[in-house]
Amino acid sequence: MKTETIQMLTATFEGHAQQTEGGVEYWLARDLQQLLGYSEWRNFCNTAISKARTACEVSGHVAADHFVDVNKTIQMPKGAEKEIPDIMLSRYACYLIAQNGDSRKQEIAFAQTYFAIQTRRAELIEQRLLESERVSARKKLSATEKELSDVIFEQTGGNNDFALIRSKGDQALFGRSTQAMKAQWKVPDSRPLADFAPTIILKAKDFATEITIFNARQHSMGSESEISREHVTNNEAVRGTLLERGIRPESLPAAEDVKRVERRLATEEKKSLKDPESLGAEG
């Protein structure tokens, strides 16, 4: 396929993309019908779209989330208007429709690649955002735990038992000891349990610790044992909330080493900044 053709088709496909109020990209089926070279709407619905809906369900997705039936008003002769059925298609739905088309057709061959790349790009962006969120949550927890250690020292004159207090918090949150969780998640002895905790657990631990800090200051707690009891109570309360929502902390799988994730994100960022695309020299 010639470069000019690829550029033309890319502009055409992107020109027909629309967005919902929530910013989700979609295409209308009647537009896609023309883009893919289908002459009859009924044939397009009964073949390509029908197969794509089935493929969507088979892949474990809810078809109604990707194929949304709508009506579209079109202009008729003498100023009259008519409503005709149409379908809002997600990027993934468009990909499935293209995959079920005849790749010998230039438009369909292009669409198969175009929507595959767009779908993969969206997945990569989502993955990067989730990884970045986890790294940020880990850093936040570290900062909050340091603040708790400082509060303990300021109000009791020492913080020798901080590690024990944190461990008691883990016992209350997971219903088992830190060591038991490290064994379950295969965490090296020299590494903190939190480095392998999923984001929801990092945020849960952070929230419980924030409450401990607040109440320790609010009630002028002057002993490590008093602060320890407070921290256990708060972790038990957070655990209760998680259980009510169907989340059992000790049953969650370990996440990837957060240090490795952080290094990967830093490397990817460095690569993207190494040779940025320019707008070209002017003048």
Checklist entry - So how strong a dipole does the range 130-269 carry about its Cα centre when Lys and Arg Cβ are +1 and Asp and Glu Cβ are -1, to the nearest 20 debye? => result 400
Checklist outcome for this item: Summed over the other residues with a beta carbon less than 12 angstrom from that of Ile201, with K and R at +1 and D and E at -1, the charge totals +2
Checklist entry - So what is the 222 nm mean residue ellipticity for the chain from helices alone, if each DSSP H run of at least 4 adds -39500 (n - 2.57) and you divide by all residues, rounding to the nearest 500 deg cm²/dmol? => result -20000 deg cm²/dmol
Checklist entry - Among residues other than Arg263 whose Cβ falls under 12 Å from its Cβ, what is the net charge (Lys/Arg +1, Asp/Glu -1)? => result -2
Checklist entry - log10 I(q)/I(0), Debye, Cα-only the range 130-269, no solvent, q = 0.13, 0.17 Å⁻¹? => result -0.56, -0.92
Next on the checklist: Taking the Cα centre as origin and putting +1 on Lys and Arg beta-carbons and -1 on Asp and Glu beta-carbons, what dipole magnitude results for the chain, to the nearest 20 debye?
Outcome noted: 700
Next on the checklist: Cross-link candidates for Lys139: which lysines have Cα within less than 18 Å, leaving aside residues fewer than 8 places away along the same chain?
Outcome noted: Lys203, Lys205, Lys259
Checklist entry - Which loop trypsin sites (Lys or Arg not before Pro) in the range 1-68, with loop taken from DSSP, have no more than 11 other Cβ atoms within 10 angstrom of their Cβ? => result Lys2
Checklist entry - What order do you get for Ser39, Ser167 when you list them from fewest to most C-beta neighbours inside 10 Å? => result Ser39, Ser167
Item to check | Potential extension, Asp257-Val70 segment - 0.36 nm per residue separation minus Cα distance | outcome: 62.8 nm
Item to check | Computed over the range 181-257, Kirkwood Rh from alpha-carbon pairs, angstrom | outcome: 13.6
Item to check | Rg ratio (alpha-carbon, reference 2.2 N^0.38 Å) - the range 3-101 | outcome: 1.14
Checklist outcome for this item: Here, Lys139 and Ala17, labelled 7 Å along Cα→Cβ, have an inter-label distance in nm of 2.9
Checklist entry - In the range 196-270, what trypsin sites (Lys or Arg not before Pro) fall in a loop by DSSP, with at most 14 other Cβ atoms inside 10 Å? => result Arg245
Checklist entry - What length, rounded to one decimal in nm, is gained on full extension from Glu40 through to Lys146, with 0.36 nm per residue of separation minus their alpha-carbon distance? => result 31.5 nm
Checklist entry - Could you give the nm distance between label points at Glu269 and Glu25, where each point is 7 Å from its Cα heading toward the beta carbon? => result 2.4
Checklist entry - When N is the residue count of the chain, what does its C-alpha Rg come to as a fraction of 2.2 N^0.38 Å? => result 1.46
Item to check | Point-charge dipole on Cβ atoms (K/R +1, D/E -1) for the range 3-101, about Cα centre, debye to 20 | outcome: 300
Checklist outcome for this item: Exposed-loop cut sites defined as GluC sites (Glu not before Pro) in DSSP loop states with at most 10 other Cβ within 10 angstrom; longest site-free run of the chain spans 41-276
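Any read-out appearing in this document is the output of simple, stated calculations on the displayed coordinates, not a laboratory observation. All figures in this text were calculated on a predicted structure; none of them were measured in a lab. Neighbour counts are summed over all protein chains in view; Cβ atoms, including those assigned to glycine, are modelled from backbone coordinates with ideal geometry.
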